[in-house]
Each structure stands twice: as structure tokens, then as C-alpha cells.
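Dropping a structure here in C-alpha cells format, bear with me for questions.
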Amino acid sequence: MPVTDVKHDLDTLTLTITAEFAAPVTRIWQIYADPRQLEKVWGPPSHPATVVDHDLRPGGRVTYFMTGPDGEKYAGYWEITAVDEPHSFSFLDGFADEDFNPNTDLPVSTNVYTFTEHDGGTRATYVGTYASAEALQQVLDMGVIEGASSAINQIDALLTA
């Protein structure tokens, strides 16, 4: 399994997931840069993602929805704030309504995804920072650790496809 460590810290308001892949940094970058590949790994297996818009540039936006086993759809968005291809990108990640307008009742996180060379492959570090301990706890209670870990763990299958 690629996920090697998961930590959440209510004092620093962060959730950090570390994963390792037997693929070069540029290959891992491609997964996030290509909406069709991103769809295969963004949602957990029970809630596959459909990427609607994909503009991975500073000021760009990625919109998507996840479809649950009963057909229910959950929309979300990324607002891209920085890109250092192929090493990292930063974005705001939020929940949305069916028209991809932000759902202000649910937390928004500031995320930094970093990809570095490690033991002939890639170490990916996914850090989400929340506005408050309550916001972080809300997504923890929603199952973000299990959902994100199962989504990231799908990357290995994509790499061997």
C-alpha cells in the first residue's frame, strides 16, 4: 500500500498523508495533471470521481463530483494557488453544490501536494490545513482519512495499468 503515514494535528490544524510510489516524480505528476487519470484515483473506490473542469495553473480551477454506490453525487472544487511542475502544487479544496458553487456549510482546506525523489521512486506528501480545529474535526468525522487513504492507494494500480 502506498500510504505509509497519516497524521492529524488539532494544534497546527493539519492533516498530513505520506505515500511512496515505485515511479518517477514526473509519472506521479501526470496523474494530477491529466483529468482522466485523476478520475481514477481522486475518489475512494466506493465513490469514483468525474472531473468536469481541469485547469492546473495558478488561478485555475478543477471541478469534480464523486458518485456513491446509490447514485448520489458529491461535488467539490480546487482553486489552484501555485504550481511547481512536477514537484508540487497548492490549492484550496472545498465542497460544492451541484453547480460547483462553494458549500459554505462545510470546511475548505488549504492543500500542498509535494512529490520528491525517494529510493528510486517518489515520496508524495499531502498536507491539508484547516481554518479551525472544529473544521479539521468535522472532516475527520466525515471519514477523510479513510477516504483519502483508499483513494491514494489506488495509484499503484494505475501505475501498472
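Each value in this text was obtained by applying a stated rule to the coordinates, not by laboratory testing. All values derive from a computational prediction rather than experimental measurement.
How big is the gap, in Å, between the Cα center of segment 106-161 and the Cα center of segment 79-94?
Here the answer is 13 Å between Cα centres.
Here is a follow-up. With an 8 Å cut-off on Cα pairs and a minimum separation of 6 or more residues, tell me the relative contact order of the chain in percent.
Details: 355 pairs, mean separation 43.0, N = 161.
Once normalised by length, the contact order is 27 percent.
If you take all C-alpha pairs in the chain, what percent of them are over 25 Å apart?
25 percent
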